Amino acid sequence: MTAQHSSLAAGRWQEFTLAQQLGHVGSEVSRTRKAVGDEERFWSAATRAFELLDLTIQDPRWSSRLRELLCAREVLADAVLGGTEYKSSLEDIDKYFFTFARAAQAGQ
């Protein structure tokens, strides 16, 4: 866990709704997509996206949605690694997570 996300891991993350959590993951996915071509920024943002998604997966409130969250993680990994397994793209996964950011902004 990076120092940046240590306060979130200490329990603050559980104060967020699912939409807020996945919206934050989406912010890092967006940064990853925009950093293609800059390896250091790309992997830094991708790592943060996985850290936040893993915190969401570990949140016991979402245990009934664990399958969906693990699937999202697997597709994100595929997209980050080039989309060879599922033909996923960072653009597509960015759109998926963006819907949660919009829901969080709408207070859902």
- Query: In this structure, does residue 28 turn out to be surrounded by fewer than 17 Cβ atoms within 10 Å (Cβ to Cβ) and at pLDDT 95 or above?
  - Reply: no
Residue hits (the stretch 1-19; modelled with pLDDT of 95 or more and crowded, with 17+ Cβ neighbours inside 10 Å) are 16, 18, 19
Open to solvent by 60 Å² or more (accessible area, probe 1.4 Å), free of Cβ contacts under 8 Å to residues at least 12 places away in the same chain and among the small types (Gly, Ala, Ser), is that true of residue 107? yes
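Can you find even one residue in the stretch 36-45 that is hydroxyl-bearing (Ser, Thr, Tyr), part of a helix (DSSP H, G or I) and on the phi < 0 side of the Ramachandran plot?
Yes, the conditions are met somewhere in the stretch 36-45.
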Is it true that some residue in the stretch 43-61 is of a type in the set (Phe, Trp, Tyr) and free of Cβ contacts under 8 Å to residues at least 40 places away in the same chain?
-> yes
Kindly evaluate residue 33 against the criterion of being open to solvent by 70 Å² or more (accessible area, probe 1.4 Å), modelled with pLDDT under 95 and assigned to a helix (DSSP H, G or I).
no
Going through the stretch 82-102 in order, the residues found to be within 13 Å of residue 29 (Cα to Cα) and either open to solvent by 80 Å² or more (accessible area, probe 1.4 Å) or out of contact with any helix residue (DSSP H, G or I) (no Cβ under 6 Å at 6 or more places or on another chain) (or both) are 91, 92, 95, 96, 98, 99
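The values are calculated or read from the model by the stated rules, or taken from the named source; none is laboratory data. Worth saying up front: this structure is predicted, and the values here are computed from it rather than measured. As a convention, Cβ positions derive from the backbone with ideal geometry for all residues, glycine included, and neighbour counts pool all protein chains shown. For accessibility, only protein heavy atoms count, side chains too; no ligands or nucleic acids. Shrake-Rupley method; radii C 1.70, N 1.55, O 1.52, S 1.80 Å.
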